[in-house]
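**Student:** Below is the structure I would like to discuss, written out as structure tokens.
The values are calculated or read from the model by the stated rules, or taken from the named source; none is laboratory data. Since we're looking at a predicted model, the values are computed, not measured. Cβ atoms come from the backbone with ideal geometry, glycine included; neighbour counts cover every protein chain shown.
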Amino acid sequence: MKPGLMPWTHRSFWIFPALIALALGLLALLFSRGRLRAIYRERFEEPGRESLFLASVGFFTAVAVVRGLTLAIHYHIGPFHDLSMRGRHIHHLVWGILLLLLSGYGWLVRAASEVWVGRLLSMLFGVGSALTLDEFALWLNLRDVYWSKEGHESFEALALFAGSKRPLLIRKAFARQHEDAVPSLGSGNSDPVQKNKQADYVGFAADLA
């Protein structure tokens, strides 16, 4: 980046948010139609449960994207490179903190806002959490240890945060009753074997999440 230019004027600044937005957009499209839409509407009737689920989606998506980009930058794969401003490397931890502040403040002032605003803020919180915890070792040691031995502390922080409540929440939301996981798809299929297969699929997907 040329000296004196702001980071957002460079195209590399938009690579990460564009990839995150693309991934989340594809997931939203996937859950907006067909059987998954029916399952989603039934299992996420409670707004609080839906918010936590969307935060989880944003979190895991951001972890996958940011780890992929940092590996590509580290091993010089593709056109990706670190973002700097006036000779100072800008860590993605910075964007994570800003997103946490933005989503937190948004929740405070949203009151009776639109449903889509709450869904967006939930995903932003998940993305911000991922970006912040991915560099947990940096703000714990107050130095750049991302690729050193101490950098493994970031993996531990990500694992603790991801494993605390989210899998249990998603499992309960998608498969409240394993044998009755898809009760209202409107397909007219009364085959118990087929229903069990559908329930197994939903339960397996929830466990992976």
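**Student:** Just wondering, is there one or more residues in the stretch 127-139 that are of a type outside the set (S, T, Y), without any contact (Cβ under 8 Å) to a residue 40 or more places away in the chain and either farther than 21 Å from G163 by Cα or in a loop (DSSP other than H, G, I, E, B) (or both)?
**Tutor:** Scanning the stretch 127-139, I find no residue that is of a type outside the set (S, T, Y), without any contact (Cβ under 8 Å) to a residue 40 or more places away in the chain and either farther than 21 Å from G163 by Cα or in a loop (DSSP other than H, G, I, E, B) (or both), so the answer is no.
**Student:** Now a separate question. Tell me whether the stretch 41-64 contains one or more residues that are at pLDDT 90 or above and among the basic types (K, R).
**Tutor:** There is no residue in the stretch 41-64 that is at pLDDT 90 or above and among the basic types (K, R).
**Student:** Okay, moving on. Can you name every residue in the stretch 82-91 that is under 19 Å from T132 (Cα atoms) and surrounded by 11 or more Cβ atoms within 10 Å (Cβ to Cβ)? Write out each step before concluding.
**Tutor:** Within the stretch 82-91, the first condition is being under 19 Å from T132 (Cα atoms), and the residues that meet it are 82-84, 88-91.
Of everything in the stretch 82-91, those that are under 19 Å from T132 (Cα atoms) and surrounded by 11 or more Cβ atoms within 10 Å (Cβ to Cβ) turn out to be D82, L83, S84, I90, H91.
**Student:** If I filter the stretch 59-81 for residues that are among the charged types (D, E, K, R), closer than 16 Å to E135 by Cβ and without any contact (Cβ under 8 Å) to a residue 24 or more places away in the chain, do I get at least one hit?
**Tutor:** For the stretch 59-81, residues among the charged types (D, E, K, R), closer than 16 Å to E135 by Cβ and without any contact (Cβ under 8 Å) to a residue 24 or more places away in the chain: absent.
**Student:** Within the stretch 101-114, count every residue that is in a helix (DSSP H, G or I) and of a type in the set (D, E, K, R).
**Tutor:** Number satisfying all stated conditions: 1.
**Student:** Sticking with this one: From the list V117, V57, V94, exactly one residue is part of a helix (DSSP H, G or I), touching a Leu at 6+ places or on another chain (Cβ under 7 Å) and either among the hydrophobic types (A, V, I, L, M, F, W, C) or surrounded by fewer than 17 Cβ atoms within 10 Å (Cβ to Cβ) (or both). Which is it?
**Tutor:** V57
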